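This report refers to the structure that appears directly beneath it.
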Amino acid sequence: MTVASAPGKVYLFGEHAVVYGEPAVPCAIERRATVRATKRDDERIRVQANDLSINGFSVEYTEGATEESAEFDVPHPLVEAAVGYVDGAIEQVRDVLDASVGFTVTIESDIPLGAGLGSSAAVVVAAIDAATREVGIELSPEEIADRAYQVEYDVQDGQASRADTFCSAMGGAVRVEGDDCQQIGDTPRLPFVIGYDGGAGDTGELVAGVRSVRETYGFADETVSSIGDLVRTGEAALLDGDLQELGRLMNFNHGLLSALGVSSRSLDSMVWATREAGAMGAKLTGAGGGGCIVALDPSPASGTALQYTPGCESTFRAELAHEGVRVEQP
Ligand code: PMV
């Protein structure tokens, strides 16, 4: 058995606009998906998953055809999504090996699913690393990022940027603009506070929604470009270690995302609760529609405010994860 883990992420800036070639700055956080891969004697794949936001399930199949139904009471779309990502990851491993090997894959994740914290990217990245190492191959984090992106791209019908997968594989703060992905060197300590409404947004649907608004209304096209400008300003603030300016720009970014229609009442409530508590800034993270917000606050005030905010199910502090994908047990 080989075990690998990979971190989730928050978007400091730039989600959605990144889909249209604008830059984005995601930051890896110390919340990880851990994948155990064991090679089998047959070509079957068995997936067992335990995620923070699901009760756990187990599924076994050959060549994408599920032969046993979920053993636990988990909503079917979640099972399909998890199986789709693992299937894609194993497909990549078979491509590397040029052979049809089978695996038993166990996933444990403390990243809520579909909540804007990059849970699927972390699972795919860790699964590719664990399964390739299990058969004696060590891929570079860059190659894992690239292969994980192909998986996300396929599963999400071409509506995926490289941001999540590159950030999860490399760790730290990164900059993604189209196919150009880079790590951002020295970053200040970023005091992230996460608020989670217990829900999830449908990334594909939200990306399609922004596309349609952008095609119909000129303001939305300009909004996407404005997010790009804001990200460029934000990168300079990050390199200067100017947290106040970063917070201000996060607030602007949230407003622009709201204008594109991807915020929600619970996300707005959590954003405002942290701002009123004295956070330097706050915004939704990821696709939106529900899920998580990220605030910048070195004090405990935002976390306390979130605990009393209707619509907020849980809150936690998230340190920047300097390490991306890593082997836990060779
Ligand atoms: O919610 P997440 O973690 O799936 O992030 C989606 C981010 C988008 O920019 C909306 C889409 C993408 O692939 O970059």
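Tell me the label-point distance for the pair residue 80, residue 140, using the 7 Å Cα-to-Cβ offset, in nm and rounded to one decimal. Distance between the two pseudo-spin positions: 3.8 nm.
Counting other Cβ atoms within 10 Å, keep those with at most 15, restrict to DSSP loop, and tell me which chymotrypsin sites (Phe, Trp or Tyr not before Pro) in region 208-266 are left.
Working: sites: 217, 219, 252; in loops: 217.
Of the chymotrypsin sites (Phe, Trp or Tyr not before Pro), the ones in loops of region 208-266 whose Cβ has at most 15 other Cβ atoms within 10 Å are 217.
Under 5 Å between amide hydrogens, built in the peptide plane, is the criterion, and for residue 31 it picks out 8 among residues at least 5 positions away or on other chains. For the chain, DSSP calls about 90 percent of its internal beta bridges antiparallel. Taking label positions 7 Å along the Cα-Cβ direction at both residue 208 and residue 232, the computed distance is 3.3 nm, reported to one decimal.
Our summary gives the chain a relative contact order of 25 percent, counting only alpha carbon pairs under 8 angstrom and 6 or more residues apart. In the chain, the portion of solvent-accessible area held by carbon and sulfur atoms comes to 46 percent [1.4 Å probe, whole percent, DNA, RNA and ligands not counted].
For the chain, the longest principal axis of the alpha carbon atoms and the long axis of helix 218-240 meet at an angle near 90°. The calculated FRET efficiency for the pair residue 242 and residue 41, based on their C-beta separation and a Förster distance of 41 Å, comes to about 0.10.
Compare the peptides 95-101, 290-296, 26-32, 107-113 by average per-residue count of other Cβ atoms within 10 angstrom and give them in order, highest first. Kindly include the intermediate steps, with their values, before the conclusion.
Details: 95-101: 12.1, 290-296: 28.3, 26-32: 25.4, 107-113: 22.7.
For the peptides 95-101, 290-296, 26-32, 107-113, the packing ranking is 290-296, 26-32, 107-113, 95-101.
Skip the ligands, DNA and RNA, and give the accessible area per residue of the chain with a 1.4 Å probe, whole Å².
40 Å²
Rounded, prolate or oblate: which fits region 192-318, taking a ≥ b ≥ c as square roots of the Cα gyration tensor eigenvalues, rounded meaning a/c under 1.5, else prolate when a/b beats b/c?
oblate
Farthest toward the positive end of the dipole of the chain, out of 132, 199, 271, is the Cα of 271, where the dipole comes from beta carbon charges about the Cα centre. Of interest is the spacing of the C-alpha centroids, which for region 307-330 and region 202-261 amounts to 23 Å. Around the amide H of residue 287, modelled in the peptide plane, lie the amide H atoms of 116, all under 5 Å away and 5 or more residues distant in sequence or on another chain.
Around the amide H of residue 12, modelled in the peptide plane, lie the amide H atoms of 25, 27, all under 5 Å away and 5 or more residues distant in sequence or on another chain. Extents of region 92-133, taken as max minus min of Cα coordinates on every principal axis and listed largest first, are 35, 16, 14 Å.
The values are calculated or read from the model by the stated rules, or taken from the named source; none is laboratory data. Nothing here was measured: the structure is a model prediction, and the numbers come from that model. Positions of Cβ are backbone-derived with ideal geometry, glycine not excepted, and every protein chain shown enters the neighbour counts. Heads up: the accessible areas ignore ligands, DNA and RNA and are worked out on the full protein's heavy atoms, side chains in. Shrake-Rupley method; radii C 1.70, N 1.55, O 1.52, S 1.80 Å.
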